[in-house]
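S.K.: What follows is a structure written as structure tokens; I'll ask about it next.
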Amino acid sequence: MCGISGIVSKNNSVDSSLIILMNEIIAHRGPDDEGYLSYNSETKEISNYKRKEDVMSEHRCNLYFGHRRLSILDLSDSAHQPFHDDSGRYHLIFNGEIYNYIELRQMLPSDKYVFRSESDTEVLLYLYMEYGKNCLDMLNGMWAFVILDSERNLIFGSRDRFGVKPFYYFFDGSYFCFASEIKALLKLPYFRKGINPIAAFDYISTGRVQDNCITMFNNISELQPSGSFTLDLSNFKFIKEKYFTLSYIDKWEKFSSQKAKEYSEIIRNKIFNAVNIRLRSDVKVGSCLSGGVDSSAIVCTINSLLNKKSISQIGEHQKVFTASFPNTDIDETIWAGIVAESANVEWLKTMPTAYELMEDIEKLVYIQDVPFGSTTIYTQYRVMKLASENGVKVLLDGQGGDELFTGYSYFLRPYYNEMIRNLDFRSILNEYRNIGNSPVSSQILLRTLTISFAKIFLPTKLKRFLLRKKDQEINYLNNLLYNRHVMRLGISKLKEFSTLNSSLHDQFTFSSLGELLKYEDRNSMHFSIEARTPFADDIDLIQYVFNIPASYKIRDGWTKYLLRESMKGIIPDKIRLRTDKLGFATPEYYWLNTLKDNFRDYFTNDLNDYFKIDAIKTDWDSIFNSQERCGITNFWRFINFAIWKKVYGV
């Protein structure tokens, strides 16, 4: 896990101080080492530098790469980046981990490639040299990398399939600049910093940007997950491609107990393999533990592996980290404690408070680059901080489990839609009779199904009217902003899915998971921690699960049916058979009402292009009082946007 940056100019030499500045801004992503490369695309002259003090400003170079290294595999200088082959033709900067690098290394012809390190970095470069861009199909892991091919005078870059690792860039036909974090690009003189109004509307109205390519900043784009690109340095032609599309099955199938058993056994084996290869590390490894099924599955799988063999990077007892909120309804300490006792771990806890959130809020907003969906991001921030304070450099986490295995209660809607669509009334009756096993009551289920039918059958204009009635905060948006972009509400808020797997696919590849992975990357990397997410990037597990029919994913009222069945005998039944769903929750309503006087000062008149500031100030108390008592509040997005605008000076 590292940080990468680069500046490429079509016609002009690049000031080397800019790449040094970019690399310094993301130094937290790689405090163990740094490296630079300069290149002249006309003369083909290449220079490598191990320290910023060595970078030569007088060279006429139109390309610079920068790298910050967080040493995880092969801690020696042999894995220093930028990494080049023996001929000096290829040069790689790489952020991420290729977990199956040992197996891939064995596939490379030994008479052609002589290894000088034990790193996945070297394996990745040689795979590209041997297979070209087709090497991407072979990778199991997370990555964002760029390779310079000096002979062909081009650069090739790629981002992992599901967006675990970030890649941001600016391209205007004269300059191509990229970095692992947006903040590094904001210091460049090649464009004017400003707010993207489309992204701003999306975030404020729905909680997330609805386009995987745009960001909150004008002129800065995000390379989409499963994206790759080439930049021909001879003519500056920039071409993007999508190299992978996740397939899924939409065919309804009657439930079979025998098939369910087979699916569960295979999933169990794939989870064990996914976790096992993500323990490959030359530094200490720990785990996040919320007390839910996903994180418990990770912790208990590691414990099962420990019972069979010694794992030096884990130690005798694995370290696990939990956020605790004593004396609140959302505290999961008791559940996490059951897992901690069962797995015999070293259990460490952090207890965030409202006043600590206020103290850290501007720093957290800066870390994240963009406004974020809820205060749960602060919980994750504190867990990463605790892990760093306890000497853990790699953390396994259950992120992606909800989107892969149907963890959210709203997946019940498309599941019932699918049963109705296929006239499977026996399954409908069975699920309704067993609603007590699900995270919702029968009353809530009927209400959500009513919403589902309304989304499917009501005219769009009426749906938008009802949405404004339901989400009152939308009425505080600037009228011009709302009227210009109201059609974008149909992308997420008004969309409904008729099948479960199509809904899961949307959440996994478009809606939910990508945002969560961004938050986790920034929080973990701020503390120089590599977060590993088996449920979000293990391609073997993910492809297998997405090609299982929906009838096996929710059963007898149980969400995450296959995960629960696959973890029999691995996690305690008290956890495996939990019916409630919390995750990294915070007492957000209480926190916001405790801090509402502190937040008032952020709502200044320079926000009038986005909000009705006078109306917000007039209705201040009633807005806070009307927020959801449990879960995520809508007005947090207004608060967070206001803080972000101040912090980034846009």
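The values are calculated or read from the model by the stated rules, or taken from the named source; none is laboratory data. Since we're looking at a predicted model, the values are computed, not measured. Note: ideal-geometry Cβ built from the backbone for every residue, glycine included; neighbour counts use all protein chains shown.
S.K.: I'm trying to understand the selection: among the residues of the stretch 26-77, which are under 30 Å from the mean Cα position of the chain (by Cα) and hydroxyl-bearing (S, T, Y)? Write out each step before concluding.
M.R.: We begin by selecting, within the stretch 26-77, every residue under 30 Å from the mean Cα position of the chain (by Cα); these are 26-37, 63-77.
Hits for the stretch 26-77 are Y36, Y64, S71, S76.
S.K.: Could you list, in sequence order, the residues of the stretch 601-631 that are exposed (fewer than 14 other Cβ atoms within 10 Å of the Cβ) and assigned to a helix (DSSP H, G or I)?
M.R.: Listed by number, the residues that qualify are D601, N605, D606, D614, A615, K617, T618, D621, S622, N625.
S.K.: Within the stretch 314-332, how many residues are buried (at least 17 other Cβ atoms within 10 Å of the Cβ) and touching a strand residue (DSSP E or B) at 6+ places or on another chain (Cβ under 7 Å)?
M.R.: 8
S.K.: Does the stretch 396-405 contain any residue that is over 19 Å from G514 (Cα atoms) and in the same structural domain as D506 (by TED's automatic domain parsing)?
M.R.: Checking the stretch 396-405: not a single residue is over 19 Å from G514 (Cα atoms) and in the same structural domain as D506 (by TED's automatic domain parsing).
Quick grid of which residues meet (1) out of contact with any Asp or Glu (no Cβ under 8 Å at 6 or more places or on another chain); (2) of a type in the set (D, E); (3) in contact (Cβ under 8 Å) with a residue 60 or more places away in the chain:
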site: E24; (1), (2), (3): yes, yes, no
site: P31; (1), (2), (3): yes, no, yes
site: G35; (1), (2), (3): yes, no, no
site: I46; (1), (2), (3): yes, no, yes
site: R51; (1), (2), (3): no, no, no
site: G66; (1), (2), (3): no, no, yes
site: L73; (1), (2), (3): no, no, yes
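S.K.: Restricting to the stretch 75-107, count the residues that are in a helix (DSSP H, G or I), acidic (D, E) and under 24 Å from L541 (Cα atoms).
M.R.: 1
S.K.: One residue is enough: does the stretch 527-546 have a residue meeting the conditions assigned by TED's automatic domain parsing to the domain that holds Q380, assigned to a helix (DSSP H, G or I) and either of a type in the set (K, R) or modelled with pLDDT under 95 (or both)?
M.R.: no
S.K.: Does any residue in the stretch 228-252 that is touching a residue at least 40 places away in the same chain (Cβ under 8 Å) and more than 27 Å from E151 (Cα to Cα) come within less than 6 Å, Cβ to Cβ, of a residue that is surrounded by 16 or more Cβ atoms within 10 Å (Cβ to Cβ) and among the β-branched types (V, I, T) six or more places away or on a different chain, and which pairs are these?
M.R.: Correct list of pairs: L246/T509; D250/T499.
S.K.: Only residues that are hydrophobic (A, V, I, L, M, F, W, C), modelled with pLDDT of 95 or more and surrounded by fewer than 23 Cβ atoms within 10 Å (Cβ to Cβ): list them for the stretch 81-114, please.
M.R.: I102, L104, M107, L108
S.K.: Please work out if F453 is among the hydrophobic types (A, V, I, L, M, F, W, C), under 24 Å from S295 (Cα atoms) and not assigned by TED's automatic domain parsing to the domain that holds G286. Quick ask: steps written out before the conclusion?
M.R.: Numbers: among the hydrophobic types (A, V, I, L, M, F, W, C): yes; under 24 Å from S295 (Cα atoms): no; not assigned by TED's automatic domain parsing to the domain that holds G286: yes.
No, not satisfied.
S.K.: Next question, about the same structure. Would you pick out the residues in the stretch 146-191 that are assigned to a strand (DSSP E or B), among the hydrophobic types (A, V, I, L, M, F, W, C) and either surrounded by fewer than 20 Cβ atoms within 10 Å (Cβ to Cβ) or over 17 Å from the mean Cα position of the chain (by Cα) (or both)?
M.R.: Across the stretch 146-191, the qualifying residues are V146, I147, L148, L154, I155, F156, F170, F171, F176, C177, F178.
S.K.: Separate question: Using beta carbons and a limit of 7 Å, which pairs, at least six apart or on different chains, have the first residue in the stretch 436-457 and closer than 21 Å to K560 by Cα and surrounded by fewer than 18 Cβ atoms within 10 Å (Cβ to Cβ) and the second one modelled with pLDDT of 80 or more and of a type in the set (K, R)?
M.R.: T448/R413; L449/R413
S.K.: If we scan the stretch 632-640, do we find a residue that is surrounded by fewer than 16 Cβ atoms within 10 Å (Cβ to Cβ) and either over 25 Å from the mean Cα position of the chain (by Cα) or not in a helix (DSSP H, G or I) (or both)?
M.R.: No, the conditions are met nowhere in the stretch 632-640.
S.K.: Still on this structure, please answer the following. Within the stretch 1-57, can you find the residues that are among the hydroxyl-bearing types (S, T, Y), assigned to a loop (DSSP other than H, G, I, E, B) and within 19 Å of F171 (Cβ to Cβ)? Give the steps one after another, and end with the answer.
M.R.: As a first pass, look at the stretch 1-57 and keep what is among the hydroxyl-bearing types (S, T, Y): 5, 9, 13, 16-17, 36, 38-39, 41, 43, 47, 49, 57.
Narrowing further to those that are assigned to a loop (DSSP other than H, G, I, E, B): 13, 41, 43, 57.
Residues satisfying the conditions are S13, S41.
S.K.: Let me ask something additional. Out of the residues in the stretch 344-376 that are exposed (fewer than 15 other Cβ atoms within 10 Å of the Cβ) and of a type in the set (A, V, I, L, M), which is nearest to L305 (Cα to Cα)?
M.R.: Checking each candidate, the answer is M351.
S.K.: Now a separate question. Take the residues of the stretch 503-526 that are in a loop (DSSP other than H, G, I, E, B) and polar (S, T, N, Q): which is modelled with the lowest pLDDT? Outline the logic, then answer.
M.R.: First, pick out the residues of the stretch 503-526 that are in a loop (DSSP other than H, G, I, E, B): 510-512.
Those left that are additionally polar (S, T, N, Q): 511-512.
Numbers: S511: 85, S512: 88.
Among them, the one singled out is S511.
S.K.: State whether one or more residues within the stretch 302-311 are surrounded by fewer than 19 Cβ atoms within 10 Å (Cβ to Cβ), among the small types (G, A, S) and at pLDDT below 95.
M.R.: yes
S.K.: Of all residues in the stretch 230-286 being among the aromatic types (F, W, Y) and in a loop (DSSP other than H, G, I, E, B), which is farthest from N430 (Cα to Cα)?
M.R.: In this case the residue turns out to be F236.
S.K.: With respect to G557, is the statement that it is surrounded by fewer than 16 Cβ atoms within 10 Å (Cβ to Cβ) and of a type in the set (G, A, S) true?
M.R.: no
S.K.: Now a separate question. Quick check on this structure: which one of G194, G227 is among the small types (G, A, S) and surrounded by fewer than 18 Cβ atoms within 10 Å (Cβ to Cβ)?
M.R.: After applying the criteria, what remains is G194.
S.K.: Taking the conditions exactly as written (assigned by TED's automatic domain parsing to the domain that holds L357 and not in a helix (DSSP H, G or I)), does I571 satisfy them or not? Give the derivation first.
M.R.: Details: assigned by TED's automatic domain parsing to the domain that holds L357: yes; not in a helix (DSSP H, G or I): yes.
Spelling it out, I571 is indeed assigned by TED's automatic domain parsing to the domain that holds L357 and not in a helix (DSSP H, G or I).
S.K.: Here is a follow-up. I want to confirm something. Restricting to the stretch 494-505 and keeping residues that are surrounded by fewer than 20 Cβ atoms within 10 Å (Cβ to Cβ) and in contact with a Lys or Arg (Cβ under 8 Å, 6 or more places away or on another chain), which single residue is farthest from K259 (Cα to Cα)?
M.R.: My answer is L494.
S.K.: Quick one: count up the residues across the stretch 108-122 that are more than 25 Å from the chain's Cα centre (by Cα) and part of a helix (DSSP H, G or I).
M.R.: Filtering the stretch 108-122 for residues more than 25 Å from the chain's Cα centre (by Cα) gives 108-118, 122.
Then drop every residue that is not part of a helix (DSSP H, G or I), which leaves 122.
Total meeting the criteria: 1.
S.K.: Report, ordered by the first and then the second residue, all pairs with beta carbons closer than 7 Å, sequence separation of six or more or different chains, a first member in the stretch 610-631 that is under 26 Å from A199 (Cα atoms), and a second member that is of a type in the set (F, W, Y) and in a loop (DSSP other than H, G, I, E, B).
M.R.: Here the result reads I613/F603; I616/F603; K617/F603, each pair linking the stretch 610-631 to a residue that is of a type in the set (F, W, Y) and in a loop (DSSP other than H, G, I, E, B).
S.K.: Let me ask something else. Can you find a residue that is within 25 Å of the chain's Cα centre (by Cα), under 22 Å from G96 (Cα atoms) and of a type in the set (F, W, Y) anywhere in the stretch 402-425?
M.R.: no
S.K.: Same structure again: If you scan the stretch 235-268, which residues turn out to be in contact with a strand residue (DSSP E or B) (Cβ under 8 Å, 6 or more places away or on another chain), over 20 Å from S566 (Cβ atoms) and of a type in the set (G, A, S)?
M.R.: Once the filter is applied, which keeps residues that are in contact with a strand residue (DSSP E or B) (Cβ under 8 Å, 6 or more places away or on another chain), over 20 Å from S566 (Cβ atoms) and of a type in the set (G, A, S), the stretch 235-268 yields nothing.
S.K.: So if I check each of F170, F217, which one is in contact (Cβ under 8 Å) with a residue 40 or more places away in the chain and either touching a Gly at 6+ places or on another chain (Cβ under 8 Å) or among the small types (G, A, S) (or both)?
M.R.: F217
S.K.: Something else: Give the residues of the stretch 47-80 that are touching a His at 6+ places or on another chain (Cβ under 8 Å) and modelled with pLDDT under 95, sorted by residue number.
M.R.: S47, N48, K50
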